[in-house]
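Have a look at the structure below, then the notes.
Throughout, read-outs are computed from the coordinates displayed, never taken from laboratory work. Note that the structure is a prediction, hence the values are computed from the model and not measured. As a convention, Cβ positions derive from the backbone with ideal geometry for all residues, glycine included, and neighbour counts pool all protein chains shown.
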Amino acid sequence: MRYSEHIPPEQLTVNASDSMLLFTAALSILIGMILVYLGRKGKQLWMVTWSIGLIICSVLMGASLLIE
């Protein structure tokens, strides 16, 4: 099903604030640390790898929000 109306790009970011994105980054770091622990405990290397990637991306996003 196709919609004839498109959402303008300026409306996509109306509800996103820097504090909410910073909270999302902090929550992602916490989730990543929990998943690293569970991945090591369960000997799942893929989970540890993806969780470390999540932590790195979250730290970079949080730093870019704080530096602005």
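Annotations
- Annotation: the residues 61, 20, sorted from fewest to most other C-beta atoms within 10 Å of their own C-beta, follow the order 20, 61.
- Along each principal axis, taking the top coordinate minus the bottom one, the Cα set of region 24-68 gives 39, 14, 9 Å in descending order.
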